[in-house]
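In what follows, a single structure is set out as structure tokens and then discussed.
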Amino acid sequence: MAECLFCRTKGNFVTREHIVPESLGNTKYILEGVICSRCQNYFGKEIEKAALEKTPVAIWRTYLGIQTKKKRLPSVNLDPPAGGAIPALHPASDTGVGFSAHEDGRTSIDVYDSLFKEKRFKQDKIEYRMVATPWHLSILGRFLGKMGLEYVALADLNYALSVQFDDMRSFVRYGSRKSLWPIYWGKQGKIEDLKGPIIWSGLEGRQKIECYRCALARMAKGEVIFAFSIGIELMVVCLTERSPIPDIENCFAGTTLSCIFYPDESW
Ligand SMILES: [Zn+2]
């Protein structure tokens, strides 16, 4: 019998779990029979959906034109959900705005609120501001932790079930109303360089686009970290230690990461 990677229920699971969501283009890294269907459904509904629709991952998915599972071009409205237990709206964040990807490779800004147009359209420039709230960081921390633990499980399932990952395991599966998991965040490259060369296939021009990159690494003191990048955003979480680790801020050549965090119960 298997033991679910997240809730530790024992059983014979028939799940096929995409480590990075299929909607971001992952068709290769899949865990079979490693997590129970309750956990899988929960992640799909409560974590991946929110991460793919309401966080910076949503913006990049649209900007890069990564097709959804149903082969549609993405379109997102970034207004946060209302009424949850963790604050999701920051007064400095813009609302009433969405983005849509188009066949010709362009991205449109869909404005639902005329106030946004007044405030943020400046000559030839449009500014969109999004401040990460505790809700965004909670969703992203759990999304990153889920993918990280699953990558560990793909390499070595017994190791992934070991006690050093228990804190992250529980944070991913059950979340927390009062605590977040630190995310180390930085930028890599330039937005102008993102869309790659056009590849011609048949009569359709298709741009070659790199959707995301992932890496697992072990720090000198043994902490296991997981890095995920999409667009020019690079996000790193430590899978084995919840308290901030300053060494992580400089562990990527050419990029300085900042630890993004709200202290416990500060909201
Ligand atoms: Zn489970």
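Some observations on this one:
- One residue alone among Phe13, Phe6 is open to solvent by 20 Å² or more (accessible area, probe 1.4 Å), within 13 Å of the ligand (Cβ to nearest atom), touching a residue at least 24 places away in the same chain (Cβ under 8 Å) and assigned to a loop (DSSP other than H, G, I, E, B), and that residue is Phe13.
- In a residue-by-residue description of the range 48-62, the property of being open to solvent by 60 Å² or more (accessible area, probe 1.4 Å), within 15 Å of the ligand (Cβ to nearest atom), modelled with pLDDT of 90 or more and within 22 Å of Ala132 (Cβ to Cβ) applies to no position.
- Residue match in the range 23-32 (condition: within 16 Å of the ligand (Cβ to nearest atom) and free of Cβ contacts under 8 Å to residues at least 60 places away in the same chain): yes
- Where a residue in the range 155-183 is on the phi < 0 side of the Ramachandran plot and its partner, wherever it lies, is within 14 Å of the ligand (Cβ to nearest atom) and open to solvent by 30 Å² or more (accessible area, probe 1.4 Å), with Cβ under 6 Å and at least six apart: Arg173/Cys7
- Enumeration of residues in the range 121-175 that are among the hydroxyl-bearing types (Ser, Thr, Tyr) and buried (at least 24 other Cβ atoms within 10 Å of the Cβ): Ser138
The values are calculated or read from the model by the stated rules, or taken from the named source; none is laboratory data. Keep in mind that what you see is a predicted model, and the values were worked out from it rather than measured. A quick note on method: Cβ atoms are made from the backbone with ideal geometry, for glycine too, and the neighbour counts reach across all protein chains shown. The area values use the complete protein model at the heavy-atom level, side chains included, leaving out ligands, DNA and RNA. Shrake-Rupley method; radii C 1.70, N 1.55, O 1.52, S 1.80 Å.
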